[in-house]
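Just so it is clear, none of the values below were taken in a lab; they were calculated from the coordinates. From a predicted model like this one, the values you see are computed outputs, not experimental measurements. As a convention, Cβ positions derive from the backbone with ideal geometry for all residues, glycine included, and neighbour counts pool all protein chains shown.
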Amino acid sequence: MSTRNTSEKSLIREIVRKNKLTQEVFDKTMGIFNQFKAESSGLVADFHQIYDPGSGKSARKSGHDLLFEYTDRGPFDFELKFGSDILIFFMHSNVFEFSRDHEVMKTAYTREDKSRSYCGIIHVFNFLADSFAYNRTNDLGYLIGRVFVNREQHYFIEGKREIGLLYNNFPYSKLGIKDIRSILHSSIRYTLNFDLLTPPFENMKEVTVSEMQTTLNAMSIRTGKRLGFRFQKDELEE
């Protein structure tokens, strides 16, 4: 009976320890995500202050509205809309650990304390604004970056081009306001330079009557900046 009690106490301690760890990581990531929201909202406010149509620096001189909007979609996601693009920032509600083969796991920082390898994740997706405006549910979105945050607020980014290249020193990088602003700017800059390409002719030459009828009603032929994107390396980026 005593052996059973000892075993159960050990199990309970492990459950409590793991729950405390995941809750700590979740709370830290949620705090960071709320800072992303605040900085994004502030960025949009700054934009409209600079390009206020009522001032001498009107963005409407060319006859076109210069769109830049922030929308809080709920506790776990928000969007930035600018021009023909939307960036959706999405925080996963679960906590993850890096795989054994990941370079983060090979650092002295995580070897000294395995709990440091548990992270919350903030995803950054790029969509075409028209995909939502015209309810084109078959259109493609693109994962352009993932921000990993641990309980000590150290962070690591996997991403495309400049988004991922500048923020990969997990043992020493602690996420602060300046870093959040830099990530936002890099994400927007990458999106602005990630142009819409015409789908290959061979992929578009046949269409069913049903698809065409749907297209005429809702413009639902699948569109994306890179047709068939699945977050593998883009050949066009080389």
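Remark: the Ser41-Gln213 segment gains 58.0 nm on full extension, using 0.36 nm per residue and subtracting the alpha carbon distance. Between the beta carbons of Ser99 and Gln49, assuming R0 = 41 Å, the FRET efficiency works out to 0.35 to the nearest 0.05. Let's test the formula: R0 of 45 Å, r as the Cβ-Cβ distance of Gln153 and Asn5. What FRET efficiency results, to the nearest 0.05? Efficiency at R0 = 45 Å is approximately 0.70. Report, in listed order, any pair from Lys81/Lys174; Lys20/Lys106; Lys37/Lys114; Lys106/Lys174; Lys106/Lys160; Lys37/Lys81 with a Cα-Cα distance greater than 20 Å. Flagged as over cut-off: Lys81/Lys174; Lys20/Lys106; Lys37/Lys114; Lys106/Lys160.
Using 1/(1 + (r/R0)^6) with R0 = 45 angstrom and r between the beta carbons of Asn19 and Glu69, what's the FRET efficiency to the nearest 0.05?
0.70
Once the chain from Ser182 to Asn138 is taken as fully extended at 0.36 nm per residue, the excess over their C-alpha distance is 12.7 nm.
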